[in-house]
């Protein structure tokens, strides 16, 4: 019989305007991979934040290894060998990997009357730990100099360094490429083989099928049930998760493309480190066309989108919108010219986290009617606009228009950006990773919204690491490799396997 390592009894947690967890009881077995599944805002992260001591429930009890525990801080959880990798990493960017891992638990060396933090000894331990678990890092690298996938390794090592036996992963694959996802899932299985218990919060049903033993499904704060993953299909999971039958079929009408909306000629961009990220890229997107840039993460696709939106400068080349050059225009001028932009990093580039939802939804148009009259902001107009978009795009927010954006789940933050940018009704819409961190229902809705904009004659630039998404939505696919477009063709003429090969730089 399986040994229960964590038991949650009748957990209830409320925030202003919303019950995040409503009388939830769960038992998690030692040595299993237990998945938590649910829509954005269903209460998954809140429940695990309670187990990690970041929130205290209004009602309910927590048992770890059969003992009732009170968790009033993450230190209490760490003392019980519980660790958590958060969806948005908790790392100090200008600290080294070693400094981040030991932060709050610094190893102090004493010699006579002298004492100091033994970073050298910690680095050696971290290097050995990273090799043991296949999480190789250089402990002396600074966080700001390493890619996202390595940052995630640092978060996992932070748990292992503190001898965590119960490892909570909150949306761990939302910022990874398909290859990095496969590697992470292998690491999870290796951790389980070494005796760890893993709790996995994710929206990705294929990942649950690949690694999880059981899954609990939450819907609007309530537990729907606990299911054996091997005996439950992804379709059944999806239906239970959203509370209705989901149709995964994307209906795409025949393309009716018109005039050229966007044209780039010889676009070359250098990144912050002085490395050539975009190399002589020329593209055209017409009215009613979805052009998708496919590529492995870090090959320059995000920099192309940033340069068109005005976030990065061109070293060479030019950008035209409806035949008018916009290369030297400011970001604000480009927005006014008719460009919508859903950025890759929603928290850094898409939102002002400490402003209300209503302010964020109007942030690109706040100086225009009805939001401003004679230079005075109209609060009621902000609220009315926000309430309309909250309803239309199913943005879950505890206090409606007044909700502080930081308090919303990552998926609902993403919905807010998509809503704002589509409502601008721009002629050119740039979507970078538009469905990252979203549940299956929300992904379905955003795919339909993108296709609706295509039907309206909008020109759409799609940048996605999800090859299935590219194949389902694109009319034209441009494959990028090391900053260069190495293949452009109609999507109907390319197979998924061919696109995958071009993404890896295979051109023959």
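Could you tell me whether the chain comes out rounded, prolate or oblate from its Cα gyration tensor? Rule is a ≥ b ≥ c as square roots of the eigenvalues, rounded for a/c under 1.5, then prolate if a/b exceeds b/c, otherwise oblate. Since a/c reaches 1.5 and a/b is larger than b/c, the shape of the chain is classed as prolate. For the pair the stretch 474-508 and the stretch 99-126, the centres of their Cα atoms are 49 angstrom apart. Judged by the mean number of other Cβ atoms found within 10 Å, the most tightly packed of the peptides 138-151, 389-402 leads the ranking 389-402, 138-151. Residue separation of residue 376 and residue 280 scaled by 0.36 nm, minus their Cα-Cα distance, works out to 30.1 nm of gained length.
Once you order the gyration tensor axes a ≥ b ≥ c over the Cα atoms, which shape class does the stretch 29-145 get: rounded for a/c under 1.5, otherwise prolate or oblate by comparing a/b with b/c? Prolate, since a/c reaches 1.5 and a/b exceeds b/c.
Estimated at 0.36 nm per residue, the fully extended path between residue 392 and residue 90 surpasses their Cα-Cα distance by 105.5 nm. Considering helices alone, the calculated mean residue ellipticity of the chain at 222 nm is -9500 deg cm²/dmol, with DSSP H runs of length four and up weighted by -39500 (n - 2.57) and normalised per residue.
Going from the residue with the fewest nearby Cβ atoms within 10 Å to the one with the most, 424, 131, 465 rank 131, 424, 465. Approximating the spin labels as points 7 Å out from Cα along Cα→Cβ, the residue 489-to-residue 260 distance works out to 2.3 nm. Counting only alpha carbon atoms, the long axis of helix 410-423 and the longest principal axis of the chain meet at about 10°.
In terms of other Cβ atoms within 10 Å, 169, 270 run from fewest to most in the order 270, 169. In terms of surrounding Cβ atoms within a 10 Å radius of their Cβ, 318, 45 rank from fewest to most as 318, 45.
Cα centroids of the stretch 274-315 and the stretch 1-43: how far apart, whole angstrom? Here the two parts' Cα centres lie 42 Å apart. Taking a ≥ b ≥ c as the square roots of the eigenvalues of the Cα gyration tensor of the stretch 65-114, is the shape rounded (a/c under 1.5), prolate (a/b larger than b/c) or oblate? Verdict is oblate for the stretch 65-114.
The listed peptides 256-262, 204-210, ordered by packing as a protection proxy, come out as 204-210, 256-262 (highest mean of other Cβ atoms within 10 Å first). For the peptides 436-443, 10-17, the ranking by packing is 436-443, 10-17, with the highest mean count of neighbouring Cβ atoms within 10 Å listed first.
Read-outs: derived from the displayed coordinates by stated rules, not from any lab. Since the structure is predicted, the reported quantities are computational estimates derived from the model, not experimental observations. Ideal geometry is used to build each Cβ from the backbone, glycine not excepted, and the neighbour counts take in all protein chains shown.
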